[in-house]
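Step one of this worksheet: look at the structure below.
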Amino acid sequence: MSRARLIILGIAASAALGASRSLFAQAPSPARPPSGPVLIAPEAAVRIAVERLRAEGRAFRATGNLPRQQSDFARTYAYVVRPADIVEAVAAVQDREDAAVDAYIRWQLLSFRPDLAGMDAALYQRLLRNLPRLAPDPAADPIVHEQFESLALPAGRSAEIRAELERRWDALRFEASQVELLNQPALKFREAVAEAMPETGLRRLGVLLRDLEDRIRAASSTRGVKSRISALLRARMTDETLGLEQRWGLIRHVEQLRGPETRIVRDVVFYADAPADVRYSTFAVRSADVARWTAYLNRHEP
């Protein structure tokens, strides 16, 4: 073979090798199989999840739009998390500066399906203390009540005062709707945690009773949680695992819930030539509630 032909073949081979290297350099790395989660340091997996959820929670806080309508973050998370780490994270406050962000993070952490029923007594008590805070309805502010009452009387005589009361009422309703929206992750978290607790023993009931107290203070709807408490106590009327001493303790606790109440401005009715009518609703554990629950705890129908 001539020297010239060898040189030509060498150049062709070099070119082919260069093209091959170029193709391999441009090719993407193999995609991770959907069924093969990525492994990282175990202590980092939950921390990364929390920070990603914090960003989502802040976006929710800024826009009022939930990034996720369901608790489904785990479905899209690539890293392996240790179940015990998730339980610890769910029981701890994840954002002390913003209750709505804290609630959003922990609501989404529930998508990893942690075994809350198996947590020890100390961790359960920590969870109970750290239930995500509920923002209070602005219509429950006593200062707002005073302002509305002071404007209601002259509203029938002065078009200007009537217009001012109407403006404040519209603004209050808007603020209340925003608070209701921001409380959604906290309410969803509380409901899910109660359902995750065992039906026997006192833990599910403990979460529901604590949730009820918090809802009364925040003037958040109590109808659903009261219904769940009633259904649970009725179902356990003859439950032999609930001892006499436990029943007496629950009766004393239920009786102590009666009394504290939160009042909100429910409506303002305007008339042509008469004072406006400021109407209120009250959130409380009522005598009828106590009578029903103590009857079930005493093993009979109310």
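Across the stretch 265-284, not a single residue is classified as of a type in the set (Ser, Thr, Tyr), under 19 Å from Gly224 (Cα atoms) and not in a strand (DSSP E or B). Selection over the stretch 66-93 of residues that are aromatic (Phe, Trp, Tyr) and without any contact (Cβ under 8 Å) to a residue 12 or more places away in the chain gives a count of 0. Taking every residue in the stretch 195-217 that is touching a residue at least 60 places away in the same chain (Cβ under 8 Å) and pairing it with any residue that is part of a loop (DSSP other than H, G, I, E, B) and aromatic (Phe, Trp, Tyr), at least 6 positions away or on another chain, yields no pair with a Cβ-Cβ distance below 9 Å.
In the set Tyr280, Tyr271, only one residue is aromatic (Phe, Trp, Tyr), closer than 27 Å to Leu172 by Cα, at pLDDT below 95 and exposed (fewer than 15 other Cβ atoms within 10 Å of the Cβ); that residue is Tyr271. The set of residues in the stretch 46-71 that are hydrophobic (A, V, I, L, M, F, W, C) and either in a helix (DSSP H, G or I) or in the same structural domain as Val179 (by TED's automatic domain parsing) (or both) comprises Val46, Ile48, Ala49, Val50, Leu53, Ala55, Ala59, Phe60, Ala62.
Residues that are assigned to a loop (DSSP other than H, G, I, E, B) and of a type in the set (Asp, Glu) were ranked within the stretch 98-153; the one that is surrounded by the fewest Cβ atoms within 10 Å (Cβ to Cβ) is Asp120.
The condition (being modelled with pLDDT under 95 and either in the same structural domain as Phe270 (by TED's automatic domain parsing) or small (Gly, Ala, Ser) (or both)) is satisfied by just one residue among Ala122, Ala74, Ala78: Ala78.
The values are calculated or read from the model by the stated rules, or taken from the named source; none is laboratory data. Quick caveat: nothing in here was measured; it's all calculated off a predicted structure. Note that we place each Cβ from the backbone using ideal geometry, even for glycine, and neighbour counts take in every protein chain shown.
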